[in-house]
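Working notes for the structure below.
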Amino acid sequence: MSISLIARNISIIIFFANMLFAFIIIFLSRKNPGTTWAWVLVLMFIPVLGFFLYLFLGQDVHRIKIFTEKARQDEKKLKKTFPVLSRENTDISFPAAERHKDLVRLHLNNSCSPLTYNNRIEILKDGRQKFDALIKALKQARHHIHMEYYIIRDDNIGREIRDILAAKAREGVEVRLLYDGMGCLGLPKSYVRPLLEAGGQAAVFFPPFLPHVNIRVNYRNHRKITVIDGKTAFMGGLNLGDEYMGRSTKYGYWRDTHLMIEGSAVDFLQLRFITDWEFAARTELPFSKEYFPDKDKAGDKAVQIVSSGPDSKWDAIRQGYFKMIANAEKSVYIQTAYFVPDDSLIQALKTAALSGVDVRIMVPGKRDHPFVHWASTSYLSDLLDSGVKAYIYDYDRFMHVKAVIVDGRIASVGSANFDLRSFIYNFEINAVLYDEESASKLMRHFEDDMKNCIELTRELYEQRSCLVRFKEAVSRLISPLL
C-alpha cells in the first residue's frame, strides 16, 4: 500500500472520528450551548487532540462523581455544626438589611448562608495592608490557624508566612495549611517541610496526578481564607506571594481588596475551611468549641458568607450578582480582573444602564491571561451603547479587585471574578456586606482607582488595530472555555 493511500485512509478515519466526537459532545453534553459549540470548534480545528482536551478540561464526569458526595458531606457538616439553622427560623430582619430581604433570602436558600449582624469589618486595599494585618494576627494565635489559598509562592513573603506558621506550630498551636494543586503546581515540596517538621499539617486540594500534571485542571479552589482562633478571619482576592506586595517587575503595584472580619461571620468562613480541608485531607475534624467560640459583639455590620463551586446545586455567587444588579436604583460599580459574563448578566447590566442606573465596570489594562483580557474588552464593547461606562486600569499597574457595589449600600467582595470560570468551575467565596459605611468606602476606592484609568469609549474602541480585532474575535469565540 502506498504512503499516499495510507495517509488518505488516516485522514478519513480522523474525519469520521471527529464527526463521532462532535456527536458525543453535542448530543450527550448538557452544557450551555455556547460552551458546547466552542468545544466543537476546538475539535474541528484540532482533530483528535481536541477531543482529549475536552476529556481533560471540559467533561463533567469528575464533577458528577466527586462533587455530589462532597456537597452531601458539606450539608451534613453544616447541620451538625449549626443545628438551629433553618430557612424558616433564621432572622433576616436586621435593619441594615431590611430593604434587601430578597437578596438575604436568596443566599440563605442557594448557599445555606444565614445573615450575621455582629461583625467588625476592616477593608484592606492592597497587599501591604493585608500582610501587615495578617502577620500581626498570626503572631497572636493561641489555639489554631487555618489557611486556605489558591496560590502560594516560595518567595520572601511566602517563606515569612510559612516560618510564622512553623513557629506557632512549635508553640502548640494547631496549624493547617490547604492549597490548590493547580495554583501551586510549581510550589516545591520543600516549602511545607519546615511546617510539617514543627508539627503543623498541610493538604493539597486536587493534587497533581503526576509531577507538574494536574488532570483536574478545570476545577480550581480559588478561595483565600484565613481563620485564627475562630475569632478573626481574612478573605478576599490576595494570594500569598511577593507579587501581591507590589514587588514584581512584571505587574508593578498590585491593587486588590481583602477583608479582615471579626464576629459571627467568621464561623461560616471556618466551616468552609473545615469542609474543604476534610475533602482534601481525607480526614474528619472533630467538632471543637475552640473552632466556633462564642462571639462577643465585635461590631454592628451585617454580613453573609456566600460560597459556590462545582459541588454546588446553585451558582450562588452569579445569582447574587444578578439580583444585586436587578435591584439597583442608583449605581452599580464592578471591579474585576476578568470580565466574561453570560447573556443573563449582560442583559441585567444593559437593563440597569438603560433604566438610568449609573453602571461602571473596571478591568485591568495589564494582562496576566491574554485571552481573557481580549474577551473582556469585547464584552465591554457590547455594553457601551446602553450607557455602561467602562474603565481600563493603569497599564503600569495591575488591578485584581473582585467587588460589586450597589447604590453605595451593599457590596459583594471576595475571590470570585465576574466571569464564567468563577461562576461554574472554581470554588469561590464572597462576603456580602449590608453596610453603607463599607459600601461607601469601596465606592471611594473605585473612584480613586478611576484616576489611574482610561475610559473605554466607543470612539476609542473603534480605533483598535486589525490584530487586536482578530485577538478579540478568537478570544470571544473560546470565552466559554476560559
- Message: Tell me whether the range 91-112 contains one or more residues that are part of a helix (DSSP H, G or I) and acidic (Asp, Glu).
- Response: yes
(1) at pLDDT below 95; (2) in a strand (DSSP E or B); (3) not basic (Lys, Arg) all hold for Tyr219 apart from (2)
When every residue in the range 265-298 that is touching a Phe, Trp or Tyr at 6+ places or on another chain (Cβ under 9 Å) and in a loop (DSSP other than H, G, I, E, B) is compared, the one nearest to Met182 (Cα to Cα) is Thr283
Per the list (1) over 24 Å from the mean Cα position of the chain (by Cα); (2) assigned by TED's automatic domain parsing to the domain that holds Asn430, residue check on Tyr338 breaks on (1)
Apart from one, (1) buried (at least 16 other Cβ atoms within 10 Å of the Cβ); (2) among the charged types (D, E, K, R); (3) closer than 27 Å to Phe287 by Cβ all hold for Arg153; the odd one out is (3)
Scanning the range 422-458 residue by residue, those in contact with a strand residue (DSSP E or B) (Cβ under 8 Å, 6 or more places away or on another chain), closer than 20 Å to Tyr338 by Cβ and in a helix (DSSP H, G or I) turn out to be Ser422, Phe423, Leu442, His445, Phe446, Asp449, Met450
Across the range 344-355, the tally of residues that are of a type outside the set (Val, Ile, Thr), touching a residue at least 24 places away in the same chain (Cβ under 8 Å) and surrounded by fewer than 17 Cβ atoms within 10 Å (Cβ to Cβ) stands at 1
Within the range 260-269, the residues that are surrounded by fewer than 24 Cβ atoms within 10 Å (Cβ to Cβ) and in contact with a Leu (Cβ under 9 Å, 6 or more places away or on another chain) are Met260
query: Quick one: would you say Gly387 is at pLDDT below 95 and either part of a loop (DSSP other than H, G, I, E, B) or not charged (D, E, K, R) (or both)?
result: no
Exactly one of Ser248, Ser264 is in contact with a strand residue (DSSP E or B) (Cβ under 8 Å, 6 or more places away or on another chain) and free of Cβ contacts under 8 Å to residues at least 12 places away in the same chain, and that one is Ser248
inquiry  = Quick check on the range 364-373. Is at least one of its residues among the acidic types (Asp, Glu) and within 20 Å of Leu460 (Cα to Cα)?
reply    = no
Q. Condition test on Lys323, is it under 21 Å from Ile424 (Cβ atoms) and among the basic types (Lys, Arg)?
A. yes
Item to complete: For Arg272, indicate whether it is surrounded by 20 or more Cβ atoms within 10 Å (Cβ to Cβ) and outside the structural domain of Tyr434 (by TED's automatic domain parsing).
Response: yes
Going through the range 163-177 in order, the residues found to be surrounded by fewer than 22 Cβ atoms within 10 Å (Cβ to Cβ) and either in a strand (DSSP E or B) or of a type in the set (Lys, Arg) (or both) are Arg170, Glu174
Residue hits (the range 361-376; closer than 23 Å to His445 by Cα and surrounded by fewer than 22 Cβ atoms within 10 Å (Cβ to Cβ)) are Gly365, Lys366, Arg367, Asp368
Flagged in the range 336-380 as of a type in the set (S, T, N, Q) and assigned to a helix (DSSP H, G or I), in numbering order, are Ser344, Gln347, Thr351, Ser376, Thr377, Ser378
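The values are calculated or read from the model by the stated rules, or taken from the named source; none is laboratory data. Not measured: the values here are computed from a predicted model. We place every Cβ from the backbone using ideal geometry, glycine too, and count neighbours over all the protein chains shown.
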